[in-house]
Amino acid sequence: MQQFSTPAEIRAWTREQRKAGKTVGFVPTMGALHDGHRSLIAAACAECDEVVVSIFVNPTQFDNPEDLENYPNMLADDLGICTAAGVGAVFTPDRDKMYPNGYATFVDVVGNLTDKLCAVARPGHFRGVATVVTKLFNAVVPDVAFFGQKDLQQALVISRMVSDLDMGVEVRVCPTVREPDGLAMSSRNRRLSEEGREKALALPRGLEMANQAYAAGERDSNKLIEILAMELLVHTGVDLDYAQVVSLTGFEEVDEVKDSCVLAAAAFVDEVRLIDHIHLGGPALPVSLD
Ligand code: AMP
């Protein structure tokens with residue numbers, strides 16, 4: 001496996017692969033890799049001849065400097081995981097190579113996709129995401145890029161951007177990988193105490209409780225949100241940031257659940273911000289409701 005730290009180097013590598021008739025898959029990450037990331041890498045390896053993984057904790061998508069500073073750094077482990085998974089090249093740029101002095105260009109996806117959910121509590125977050133993904137695409141020049149459904153709003157923002165800006169990259173959105181007890185895998189889970197880890201289960205459990213109410217015929221969004229909120233609020237130290245039902249078609253808030261909708265939520269546990277969502281009427285989450 002090769003490791004590159006400048007856009008010019010990784011671009012030259014991709015060019016060589018393409019010259020040899022190979023397709024290039026790309027998995028952008030912020031490191032501290034877990035099985036969720038591994039699933040994206042596996043999907044990329046299955047579809048493409050060569051795979052690039054980027055590991056870059058992107059400062060422009062952090063609205064909170066402490067969150068940025070506390071973000072786990074496990075580069076040696078990450079490189080081992082990438083090698084074992086069959087990755088051809090990792091791209092690990094330095095911050096000042098990505099955003100040198102005088103940097104002044106940003107990509108903004110506007111409208112329904114970025115006026116709710118995570119966008120409200122994290123102003124500028126999706127602008128940072130759209131900007132860094134554009135820069136990474138320009139450096140790596142992949143045929144196909146792989147994102148996790150766990151960050152649903154992010155995956156939709158990127159799909160919109162790729163389509164609107166004719167980027168010519170195929171976007172794949174892969175299913176959320178969960179711990180056996182239902183907690184969605186996240187690099188942030190490492191920051192939870194043992195007690196916090198237990199409390200964090202309230203998030204998938206509350207989502208699944210709402211999903212069961214939906215299956216039993218409940219269509220009132222507020223009632224479904226209340227079921228989730230009640231499950232979170234019984235735990236001290238769990239603070240709900242948002243819970244909303246949005247349609248997947250227009251990404252609009254709905255009062256009454258009709259067709260394809262998700263219940264999405266963010267909560268702070270031990271001051272660690274966790275997000276999750278469930279497709280109402282979709283497969284059950286592997287949580288215990290006892
Ligand atoms: P991150 O390193 O958190 O920026 O995530 C990099 C990519 O991995 C993003 O496309 C995420 O949506 C995806 N990802 C993170 N956690 C999971 C998970 N539990 N299951 C599937 N994909 C995930």
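Within the option set Val90, Val107, Val52, being under 20 Å from the mean Cα position of the chain (by Cα), surrounded by 17 or more Cβ atoms within 10 Å (Cβ to Cβ) and either over 21 Å from Val162 (Cβ atoms) or among the aromatic types (Phe, Trp, Tyr) (or both) holds for one residue only, Val90. Mind listing just one residue for me: the one in segment 15-34 that is touching a Lys or Arg at 6+ places or on another chain (Cβ under 9 Å) and buried (at least 23 other Cβ atoms within 10 Å of the Cβ) and, of those, farthest from Phe56 (Cα to Cα)? Selected residue: Val24.
For the residues Val87, Val109, Val162, the requirement of being part of a loop (DSSP other than H, G, I, E, B) and within 30 Å of Val254 (Cβ to Cβ) singles out Val109.
Residues in segment 192-213 that are touching a strand residue (DSSP E or B) at 6+ places or on another chain (Cβ under 8 Å), more than 13 Å from the ligand (Cβ to nearest atom) and not aliphatic (A, V, I, L, M): Gly196, Lys199, Gly206, Glu208, Asn211. Residues in segment 240-290 that are of a type in the set (Gly, Ala, Ser), closer than 22 Å to Ser159 by Cβ and out of contact with any helix residue (DSSP H, G or I) (no Cβ under 7 Å at 6 or more places or on another chain): Ser247, Ser260, Gly282. For segment 136-155, the candidate set comprises residues that are surrounded by fewer than 20 Cβ atoms within 10 Å (Cβ to Cβ) and in a helix (DSSP H, G or I); within that set, the residue that is farthest from the ligand (Cβ to nearest atom) is Asn138.
Only the coordinates and a few stated rules stand behind these numbers; no lab work does. Bear in mind that the values here come from a model prediction, so they are computed numbers and not experimental data. So basically every Cβ, Gly included, is an ideal-geometry build from the backbone, and we count neighbours across all protein chains shown.
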